[in-house]
Each structure stands twice: as structure tokens, then as C-alpha cells.
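The values are calculated or read from the model by the stated rules, or taken from the named source; none is laboratory data. None of these values were measured; they are calculated from a predicted model. A quick note on method: Cβ atoms are made from the backbone with ideal geometry, for glycine too, and the neighbour counts reach across all protein chains shown.
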Amino acid sequence: MKEITIHFLIGIPASGKSYYAENVLKNKYKNIIHLDSDDIRQELIKKYKIENEKENDKYFEKIDEEVDEIFLKKVEELIKKGENFILDNANYKKSTRDRILKHINEVSKKYNIHSKIIGYYFVVPREVIEKRNILRAKRGNRFLISKESIDYYFKHYDIPTIDEGFDELVEVKINN
């Protein structure tokens, strides 16, 4: 049975997940694939010609459903190919993680692949998130996340536990 490793990132938006994937994990694990839901989201924003935050809010639910569908298909493709990969999605809610972990387990079983899942959960102070949020928006590669949304993310961030289905859990503390 082939074994792959999935590096499962967990944290609210602007916590540094994508930076960590590109600058830590990709340097440590050569030839690893970075599957980023934000890349899919940006493609859909272009497709629907969304140009500002208000338009984004209008299409948010539709886009999120489509992002989720495409993301899960890509997860299946990577498992089927036996690729090690970084799963870069917010995953801040346990219910989201449960759904994705269930999908990983079903697909792994289907293709006779053993998937080792390492969860990396990000612990980042609110002021750091707010600062990064502004910087990301200024760079133009993300919309500014509203304070209400940031409140929501912090309120609903479920710290993961090993019994959710992870083989390992790593806490990533970021203070700046």
C-alpha cells in the first residue's frame, strides 16, 4: 500500500498559513504540492468579474460552494496520484475539518492509499491578523476582511484535537 503525507493547515484567514506552506513546508519537503483554496477562489473572482468587497459579499456563498467542490476534486486527484501535498484552507471550524478528513479517508480507501495526516494549527494574536489583513488588501491579492468577519473567525475557531483523525498535530505560534 502506497503511503502519502498530507500537511493539513488550520487557522483563520491572514494567520500565515500560505506563507508557512511556501516558506517552511515547501523548503523542508521538496517536490511537495501546495493546494491552496485561495488560488481557486481568486480564479472564480476573476471568472465572475468581482471587483470589490461588496460584490464579493454578494457572490460569497456561490463562490464558496464552488471553491469547496473544486478543492475536494483536487484533493481526490492528488491522493489518486499518490502525491504528498499541503492542504491550505482555513479549516478553522471542526465541522469543516470533519468533512474534509472524511473525504480524505474515503478517497484514500478507494485508491488503496494510506494517508498520513499532519495537522498544523495556527495560534496568532488578533492584532497580528488585523495588520496582515490590511497588508494583504494593500498588495491587491486579497479583499479586506471586515472586522465583523474577523470577530466571527475568532469566535468560531475550534482548536483541533488528535482524535479528529490526525496522525500528528503541530502548533504554529506566530506573534508578528
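Listed by first and then second residue, the pairs with beta-carbon distance under 6 Å, at least 6 apart or on different chains, first residue in the stretch 91-119 and touching a residue at least 12 places away in the same chain (Cβ under 8 Å), second among the acidic types (Asp, Glu) and part of a strand (DSSP E or B), are His114/Glu3; Ile118/Glu168. Kindly evaluate Val124 against the criterion of being within 18 Å of the chain's Cα centre (by Cα) and within 18 Å of Ile10 (Cα to Cα). In short, yes. Would you check if Glu83 is over 11 Å from the mean Cα position of the chain (by Cα) and part of a loop (DSSP other than H, G, I, E, B)? Here the answer is yes, as Glu83 does meet what is asked.
For Lys73, the conditions (1) part of a helix (DSSP H, G or I); (2) at pLDDT 95 or above; (3) surrounded by 17 or more Cβ atoms within 10 Å (Cβ to Cβ) all hold with the exception of (3). Sort out which residues of the stretch 127-167 are among the charged types (D, E, K, R) and either touching a helix residue (DSSP H, G or I) at 6+ places or on another chain (Cβ under 6 Å) or surrounded by 12 or more Cβ atoms within 10 Å (Cβ to Cβ) (or both), and write them in order of number. Correct list: Glu130, Lys131, Arg132, Arg136, Arg142, Asp158, Glu164, Asp167.
Taking first residues from the stretch 67-81 that are closer than 13 Å to Ile100 by Cβ and partners that are in a helix (DSSP H, G or I) and among the hydroxyl-bearing types (Ser, Thr, Tyr), the Cβ contacts under 7 Å between residues at least 6 apart in sequence or on separate chains come to Val67/Ser37; Phe71/Ser37; Ile79/Ser108. In the stretch 80-116, how many are more than 16 Å from Gly165 (Cβ to Cβ), among the small types (Gly, Ala, Ser) and surrounded by 14 or more Cβ atoms within 10 Å (Cβ to Cβ)? Selection size over the stretch 80-116: 1. Residue count for the stretch 100-115 under the criterion of being not in a helix (DSSP H, G or I) and not aliphatic (A, V, I, L, M): the result is 4. Residues in the stretch 124-158 that are in a loop (DSSP other than H, G, I, E, B) and of a type outside the set (A, V, I, L, M): 9 in all. Restricting Ile145, Ile104, Ile63 to those that are β-branched (Val, Ile, Thr), farther than 20 Å from Ile12 by Cα and under 18 Å from the mean Cα position of the chain (by Cα) reduces the list to Ile104. For the stretch 90-99, a tally of residues being modelled with pLDDT of 95 or more and either under 25 Å from Lys30 (Cβ atoms) or assigned to a loop (DSSP other than H, G, I, E, B) (or both) returns 3.
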